[in-house]
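Values in this text are rule-based calculations from the coordinates and carry no lab data. Model, not experiment: these values are computed from the prediction. Cβ sites come from the backbone with ideal geometry, for glycine too, and all protein chains shown count toward neighbours.
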Amino acid sequence: MDKEIKVNSRWWNERALLHKKSRYYNINKLVKGDIRLRDFEIKEVGNVEEKKLLHLQCHIGTETLSWARLGASVTGLDFSLESIKIAKKIAKDAKIKSNFIHSNVYESLKHCEVNFFDIVYVSVGSLHWLDNISKWSDIVYKLLKPNGLLYIYEFHPISLVLSEIRPEFDRDYFFVGPVLWDEEGSYTDSDIKTKNNKHIIWDRPLCEIVNAVVKSGLKLQLLNERHGQEYKQFSYLVQNKNGLWVSPKGFGVFPSTYTLKAIK
Ligand SMILES: C[S@@+](CC[C@H](N)C(=O)[O-])C[C@H]1O[C@@H](n2cnc3c(N)ncnc32)[C@H](O)[C@@H]1O
C-alpha cells in the first residue's frame, strides 16, 4: 500500500499546484467571500454553527473553509503536502480560522481525538482513492462523537464505469479492486501538461460503501442520488439547464452523484 500512496500523493501534489491557479477552484473568489458548497449539501447537513467539522481528504481546503464561513470550527486533513500548504495560505489570505493536518486518512487517529467531531465531511472525488473502505468507515466511527454525523457527497460509482470515449458503460460496475490509470491533465483542465500521470483508484459499487458505513456502527439516515455532475469528465457530456454535465439525449438517465448521511 505504501507504493500506491507514494504514486497517488505525487499525482495530487502536482495537481494541487495547478489547481490553485485554475478557474474551476477560483481561489480569488473564495478569498473574497464565496461559499464553495452546493445548496443541497448546506440543506442536508443543516446548521453547522459552532460544530466541530472534520473534512477528510480536504484537498486545497476550498470546501473546508466554506464550512468555516458558515460557522463551523473546521479541520481539514489530506495526504498531499502541497494541498495542505495551499489550504493554509488561502485560510490566511481569507482570514478564516481553521486547522489543516498533513496525513494519510488511515492515520487520522494519530492526529485527531476520538469521539470528538460533530461532523465528518467527505466530498466529491475522494472515496475511490481509498483501498479499504471498511477500515476507513471504522476510523470515521471513532472520530465522531455520539450522535455525530457522517456526510458524504460523492460521484455515484455507476458514473465511474462510463467509457472515456463514447456514451456507454465499458467496465464492470460490480468490480471491486484497484485500477491503474496513466493520463495527462487534470479534471480542472484536461489539456494541461503534467509529469506524474500514473495513479491508482479503487472501483466498488455503491452497496460496498453503504454496507461498510452501516457495519462500522453508523445508522443510515439518508441516501440521495442525483443526475448531472459539476465538471466535464468526458468530451461527450452535455450541459443541462442547471449547468451540470450529463450524458447526451438518448443515452438514458443514471445517477452521477449521491449524498449519504449516517449518525453515530
Ligand atoms: C478531489 S479531492 C476531494 C476534495 C474536494 N472535493 C475538492 O474537489 O477539492 C481528493 C483528495 O483526496 C486526497 N487523498 C487521496 N488519497 C488520500 C489518502 N489516502 N489520505 C489522505 N488524503 C488522500 C488527495 O490528496 C486529494 O486532495
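For the pairs Lys43/Lys88; Lys29/Lys135; Lys21/Lys219; Lys32/Lys85; Lys92/Lys198, note any where the Cα-Cα span goes beyond 30 Å.
In this structure, Lys29/Lys135; Lys21/Lys219; Lys92/Lys198 exceed 30 Å between Cα atoms.
On a straight-distance basis, which aspartates and glutamates could pair with Lys264 in a cross-link, Cα separation under 14 angstrom, same-chain partners fewer than 8 positions away excluded?
Asp118, Asp138
Please compute the net charge surrounding Thr75, taking Lys and Arg as +1 and Asp and Glu as -1 over other residues with Cβ under 13 Å from its Cβ.
That sum, taken over residues with Cβ under 13 Å, equals 0.
Using Cα-Cα distances under 8 Å and only pairs 6 or more residues apart, what relative contact order does the chain have, in percent?
18 percent
Which number do you get for Rg(Cα) / (2.2 N^0.38 Å) in the range 1-111?
Cα-based Rg divided by the globular estimate yields 1.05.
Roughly what would the spin-label model give for Lys193 and Lys232, points 7 Å off Cα along C-beta, in nm?
Output for this residue pair reads 2.3 nm.
Mind computing the radius of gyration and Dmax over the alpha-carbon atoms of the range 159-231? Å is fine for both.
15.6, 44
How large, in Å, is the range 155-194 by the Kirkwood hydrodynamic radius built from its alpha-carbon pairs?
11.9 Å
I need the P(r) histogram for the chain: all alpha carbon pairs, bin width 5 Å from 0 out to the longest distance, whole percents.
Bin by bin from 0 Å, the calculated values are 1, 6, 12, 17, 20, 19, 15, 7, 2, 0, 0.
Whose amide H sits under 5 Å from the amide H of Arg36, counting only residues 5 or more places off or on another chain, with H placed in the peptide plane?
HN-HN under 5 Å from Arg36: Ser66.
If only Cα atoms are counted, what is the Rg of the range 99-227, and what is its Dmax, in Å?
Looking at the range 99-227, its Cα Rg and Dmax stand at 16.3, 46 Å.
May I ask for the net charge around Asp118, where only other residues with Cβ less than 12 Å from the Cβ of Asp118 are counted and Lys, Arg are +1 while Asp, Glu are -1?
+2
At 222 nm, what helix-only mean residue ellipticity would the chain give, in deg cm²/dmol to the nearest 500, using -39500 (n - 2.57) for each DSSP H run of four or more?
Estimated from H runs of four or more residues: -8500 deg cm²/dmol.
Taking R0 as 22 Å, what's the FRET efficiency between Phe175 and Cys207 from their Cβ-Cβ distance, rounded to 0.05?
0.95
Taking a cut-off of 15 Å, what percent of all Cα-Cα pairs in the range 99-145 are separated by more than that?
46 percent
On full extension of the chain, what length is gained from Leu223 through Asn147, given 0.36 nm per residue of separation minus the C-alpha to C-alpha distance?
Full extension from Leu223 to Asn147 adds 25.6 nm.
Assuming R0 = 22 Å, what is the FRET efficiency of Tyr106 and Ile263, from their Cβ-Cβ distance, to the nearest 0.05?
For Tyr106 and Ile263, the calculated efficiency is 0.45.
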